[in-house]
Amino acid sequence: MTLKDSNKKKITLLNPSKWSKEMGTDWIYLLFDLFQIRTIATQFSEVTLDLVEYASKPTIYHTAPNFLAEKGPVENDLIKFALIRAPEWESLLFKISQPVLAKLDSDKDIDFSLDIFFPLYSTNLKEIFLGPEGEIKILKN
């Protein structure tokens, strides 16, 4: 399903089981709940989980996948995920009830237009690497 947000930016959402290598690796797992991280990533330290939970700006995290996500879009042995806090998008993800893959700036035809801004298009977007031993590295500030 491809959506267009209020800034006319396209986002394709995909069930992770439908992803194939031919689709590329520039996909991001979208999560609505902190506990969903365990379904896609290796375990983190409590401090690292706190960083994700209390992040004030939209952030894409890069981390090692767990055995389930290894079959998904892995790039340089890492997956990308974002915890979506914007109420409308969080509600949509809650209704889907599982992690979903998103491709930003999709070239697919639009299925629906929404009058809501997608948070990962924010000019304040950050990207952070999270290591299983508590390592944290800012990739994009």
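The number of residues in the stretch 83-139 being over 19 Å from P58 (Cβ atoms), of a type in the set (S, T, Y) and in contact (Cβ under 8 Å) with a residue 60 or more places away in the chain comes to 1.
Scanning the stretch 83-141 for residues that are of a type outside the set (S, T, N, Q), out of contact with any Asp or Glu (no Cβ under 8 Å at 6 or more places or on another chain), under 25 Å from E70 (Cβ atoms) and not in a strand (DSSP E or B) yields L93, I96, P99, L120, G131, P132, E133, G134, E135.
Which of the residues belonging to the stretch 63-82 are under 19 Å from M23 (Cα atoms) and part of a strand (DSSP E or B)? So that I can check it myself, show each step before the final result.
Keep residues of the stretch 63-82 that are under 19 Å from M23 (Cα atoms), which gives 65, 68-81.
P65, E75, L78, I79, K80, F81, listed by residue number.
For the stretch 126-141, does any single residue satisfy the condition of being basic (K, R) and at pLDDT below 90? Please lay out each step first, then the result.
Start the filter on the stretch 126-141 by keeping residues that are basic (K, R), which leaves 126, 137, 140.
Those still in the list that are at pLDDT below 90 too: 140.
Looking for residues that are basic (K, R) and at pLDDT below 90, one finds at least one in the stretch 126-141, hence yes.
For the stretch 43-56, the count of residues that are loosely packed, with under 14 Cβ neighbours inside 10 Å, aliphatic (A, V, I, L, M) and assigned to a helix (DSSP H, G or I) is nonzero.
Which members of the stretch 11-34 meet the condition of being under 22 Å from A55 (Cα atoms) and either surrounded by 17 or more Cβ atoms within 10 Å (Cβ to Cβ) or in contact with a helix residue (DSSP H, G or I) (Cβ under 6 Å, 6 or more places away or on another chain) (or both)?
Step one: list which residues in the stretch 11-34 are under 22 Å from A55 (Cα atoms), which gives 27-34.
W27, I28, Y29, L30, L31, F32, L34 - these are the residues of the stretch 11-34 that are under 22 Å from A55 (Cα atoms) and either surrounded by 17 or more Cβ atoms within 10 Å (Cβ to Cβ) or in contact with a helix residue (DSSP H, G or I) (Cβ under 6 Å, 6 or more places away or on another chain) (or both).
Figure legend. Inter-residue proximity from the stretch 5-34: first residues over 14 Å from W89 (Cβ atoms) and of a type in the set (A, V, I, L, M), second residues assigned to a helix (DSSP H, G or I) and open to solvent by 60 Å² or more (accessible area, probe 1.4 Å), beta-carbon distance below 8 Å, spacing 6+ or different chains. Indicated pairs: L14/M23; L34/E53.
Looking at I37, is it within 14 Å of the chain's Cα centre (by Cα), without any contact (Cβ under 8 Å) to a residue 60 or more places away in the chain and open to solvent by less than 30 Å² (accessible area, probe 1.4 Å)?
Values: within 14 Å of the chain's Cα centre (by Cα): yes; without any contact (Cβ under 8 Å) to a residue 60 or more places away in the chain: yes; open to solvent by less than 30 Å² (accessible area, probe 1.4 Å): yes.
The answer is yes for I37.
Selection within the stretch 83-103: residues that are touching a Phe, Trp or Tyr at 6+ places or on another chain (Cβ under 7 Å) and of a type outside the set (F, W, Y). The member of this set that is surrounded by the fewest Cβ atoms within 10 Å (Cβ to Cβ) is E90.
The values are calculated or read from the model by the stated rules, or taken from the named source; none is laboratory data. Because the structure is predicted, anything quoted here is derived from the model rather than measured. Quick reminder, even Gly has a Cβ in these numbers, built from the backbone with ideal geometry, and neighbours come from all protein chains shown. For the accessible areas, the whole protein counts, side chains as well, though only heavy atoms, and no ligand, DNA or RNA atoms are used. Shrake-Rupley method; radii C 1.70, N 1.55, O 1.52, S 1.80 Å.
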